[in-house]
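The values are calculated or read from the model by the stated rules, or taken from the named source; none is laboratory data. Quick caveat: nothing in here was measured; it's all calculated off a predicted structure. Virtual Cβ from ideal backbone geometry, glycine too; neighbours counted across all protein chains shown.
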Amino acid sequence: MSEFRGVIERAAFTTGIEAARQMALTAAVTIEVCDDAREIRQQAAAAALQGFAEGLRSLSHLAEDHAVTALLPASSFALGFRHKPRARVLV
């Protein structure tokens, strides 16, 4: 049963990472098509979101290799991924 739980937790983790990656890319594209997209602040925000999405993609590949579980605190698994941290996007 423990092995099955680990598979479910990894799947939930990978799904969450992919959802966050898609949201970051969506936000970056949204910023890029805004009227004020040429402002340096907006360009920096879009670039940061794209970099964040790329980092999440790398993390997702680690999860597929099962190496990511060593990077996560044990409390992440104890919480069952129910904890939803508040995120702020400064644009």
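Computed quantities for the displayed model
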quantity: From ALA37, ALA45, ALA19, ALA11, residue being among the aliphatic types (A, V, I, L, M) and touching a residue at least 24 places away in the same chain (Cβ under 8 Å); calculated: ALA45
quantity: Filtered residues of region 30-63 (kept if part of a helix (DSSP H, G or I) and acidic (Asp, Glu)); calculated: GLU32, GLU54
quantity: Residues of region 11-31 that turn out to be of a type outside the set (A, V, I, L, M, F, W, C), surrounded by 14 or more Cβ atoms within 10 Å (Cβ to Cβ) and modelled with pLDDT of 95 or more, as a count; calculated: 1
